[in-house]
Protein chains: 2
Amino acid sequence: MPESEQWLELLEEKGCRITEPRRTIVDLMVHSDNALSPIDLFDKARASFPKMGLVTVYRTLEILNQLGLVERVHQKGGCHMYLRAANGHEHIMLCTRCGQAAYFHGDDLGALIHKINSESGFLIQEHWLQLHGLCKNCQ
Amino acid sequence: MPESEQWLELLEEKGCRITEPRRTIVDLMVHSDNALSPIDLFDKARASFPKMGLVTVYRTLEILNQLGLVERVHQKGGCHMYLRAANGHEHIMLCTRCGQAAYFHGDDLGALIHKINSESGFLIQEHWLQLHGLCKNCQ
DNA sequence: ATGATAATGAAATACATTTTCAATAAGGAA
DNA sequence: TTCCTTATTGAAAATGTATTTCATTATCAT
């Protein structure tokens with residue numbers, strides 16, 4: 001089953017109606033190699049669905065984020081872009097030159113987290129790691 | 001030498017004038033255990049320097065950020081707060097209950113980064129790790 | 001096919017940040 | 001010290017980003 005369909009099924013399970021705007025945004029997010037801002041999505045979406053409203057982009061991103069399907073990308077310049085979420089122990093890598101995102105399925109950070117827990121007394125509940133560099137093409 | 005003085009010297013070396021607003025903000029950032037937003041800083045600063053302008057807070061944070069003395073903190077709710085920057089291989093931990101920040105000096109990411117470089121072809125230039133959990137007091 | 005209501009888009013609003021600019025103050029030169 | 005240059009400042013305006021409101025539309029269970 002195409003990934004877009006899986007996302008739409010999750011939306012349906014959550015009790016959401018499947019609409020044209022949502023289909024459009026899901027499709028764009030599933031297939032994008034680059035992080036996209038709400039405005040990026042708005043512009044791209046209107047190519048195939050001219051009536052798309054910017055508010056709907058925000059609302060749909062919020063739902064997809066709640067479902068863990070997309071996540072906000074954090075960059076020096078700002079934190080306004082979204083990307084397909086990393087699954088399990090994947091980590092996101094962003095190319096600083098072309099913007100392409102890649103997912104690396106590396107070790108989990110369990111050992112480090114555990115060490116921090118025991119040495120610092122801090123009880124870590126959540127962590128995120130983001131990597132910035134040059135992709136193969138841009139080196 | 002107090003850390004505030006060190007920061008001010010770095011500002012001077014950069015060619016900046018040492019002003020009352022800058023002293024005030026530096027002092028607040030050096031001594032804060034919690035991440036602070038521009039508005040937080042604005043409010044706190046006016047306690048000792050009532051004429052402080054919000055724009056100056058933004059401008060000073062930008063300079064301190066360029067000098068690597070403060071860094072933006074990334075949280076689910078948004079990325080509008082700043083903290084003394086982590087040095088070397090320190091990583092920032094934030095308490096999700098009281099907001100207190102702690103710095104943990106544990107590397108171990110070198111191996112992971114190296115592995116990613118060789119396996120993915122991606123050349124990692126920078127990495128950010130941020131940890132969220134409960135500090136000793138809040139557990 | 002119908003109807004209840006979730007979802008939508010546009011406008012208004014709220015919030016965050018940056019730009020502009022005249023007045024002020026820092027700090028080197030006299 | 002006093003003067004002068006100019007970086008810095010604060011206020012207002014402008015820009016950019018995100019959310020709320022609300023009447024209209026479209027989904028989907030019946």
- Compute the label-point distances linking A:Ile18 to its equivalents in the other copies; points lie 7 Å from Cα along Cα→Cβ; give nm, one decimal, shortest first. 6.7
- Query: Where does the charge balance sit around A:Ile63 when Lys and Arg score +1, Asp and Glu -1, over other residues with C-beta under 9 Å from its C-beta?
  - Reply: +2
- Item | GNM result for chain B, Cα springs below 10 Å: residue of B:Leu83, B:Leu36, B:Leu109 fluctuating most strongly | B:Leu109
- With Rg from the Cα atoms and Rh as the Kirkwood inverse mean 1/r over Cα pairs, chain A has an Rg/Rh of 1.02
- Message: Assume the label is 7 Å from Cα along Cα to beta carbon: what separations in nm does B:Lys136 have to the matching positions in the other copies?
- Response: 4.9
- So what is the relative contact order of segment A:90-138, in percent, for Cα pairs below 8 Å that sit 6 or more residues apart? 51 percent
- Query: Percent of accessible area on segment B:3-84 owned by carbon and sulfur, 1.4 Å probe?
  - Reply: 46 percent
- Task: Have a look at A:Ala86, A:Ala111, A:Ala102 and tell me which one the Gaussian network model of chain A (Cα, springs below 10 Å) gives the largest fluctuation.
- Result: A:Ala111
- Task: Ratio to report: Rg/Rh of segment A:90-138, with Cα atoms as the point set and Rh obtained by the Kirkwood method; give two decimals.
- Result: 1.14
- Item | Distant-in-sequence amide H partners of B:Ala35 (H built 1.01 Å from N, under 5 Å) | B:Ala101
- Any lysines with Cα under 25 Å of the A:Lys115 Cα? List them, leaving off those in the same chain fewer than 8 positions away. B:Lys76, B:Lys115, B:Lys136
- Longest to shortest principal axis, alpha-carbon extents of the protein assembly as shown, angstrom: 63, 43, 43
- Message: Using a 10 angstrom Cβ neighbour count of at most 12 plus a DSSP loop assignment to flag exposed trypsin sites (Lys or Arg not before Pro), which longest range of chain B is free of such sites?
- Response: B:98-139
- Sum up the charges of everything whose Cβ sits under 14 Å from the Cβ of B:Gly133, counting Lys and Arg as +1 and Asp and Glu as -1, but leave B:Gly133 out. +2
- Task: For A:Asn87, go 7 angstrom from Cα along the Cα-to-Cβ vector, then report the distances to that same point in the other copies in nm, smallest first.
- Result: 4.3
- CD proxy, 222 nm, chain A: helix-only mean residue ellipticity via -39,500 (n - 2.57) per DSSP H run with n ≥ 4, per residue, nearest 500, stands at -13000 deg cm²/dmol
- the protein assembly as shown, dipole about Cα centre (Lys/Arg Cβ +1, Asp/Glu Cβ -1), debye to the nearest 20: 880 debye
- Task: Could you let me know the centre-to-centre spacing of segment B:5-69 and segment A:68-101, using Cα atoms, in angstrom?
- Result: 30 Å
- Reachable aspartates and glutamates from A:Lys44, Cα under 17 Å, same-chain residues fewer than 8 places away excluded? A:Glu20, A:Asp27, A:Asp33
- Note on the structure: Dividing the surface of the Cα convex hull of segment B:38-100 by four yields a projected area in nm² of 5.1 nm²
- Task: Given the options B:Glu12, B:Glu71, B:Glu126, state which has the largest fluctuation in a GNM of chain B using a 10 Å cut-off (strictly under) for Cα springs.
- Result: B:Glu126
- Using the heavy atoms of the protein chains and a 1.4 angstrom probe, tell me the accessible area per residue for segment A:90-138 in square angstrom. 47 Å²
- Query: What's the buried accessible area, both sides, between B and A using a 1.4 Å probe, rounded to 100 Å²?
  - Reply: 3500 Å²
- Note on the structure: The summed charge of the A:Glu3 Cβ neighbourhood (under 12 Å; Lys/Arg +1, Asp/Glu -1) stands at -2
- Query: For the protein assembly as shown, what proportion of DSSP beta bridges, expressed in % and rounded to the nearest 5, is antiparallel?
  - Reply: 80 percent
- Per-q log10 I(q)/I(0), segment A:3-84, q = 0.11, 0.18, 0.19, 0.26 Å⁻¹ (Debye; single scatterer per alpha-carbon; no solvent): -0.25, -0.68, -0.76, -1.40
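The values are calculated or read from the model by the stated rules, or taken from the named source; none is laboratory data. Nothing here was measured: the structure is a model prediction, and the numbers come from that model. Here the Cβ is made from the backbone with ideal geometry for all residues, glycine too, and neighbour counts use every protein chain on show. We work out accessible area using only protein heavy atoms, side chains counted, and drop any ligands, DNA or RNA first. Shrake-Rupley method; radii C 1.70, N 1.55, O 1.52, S 1.80 Å.
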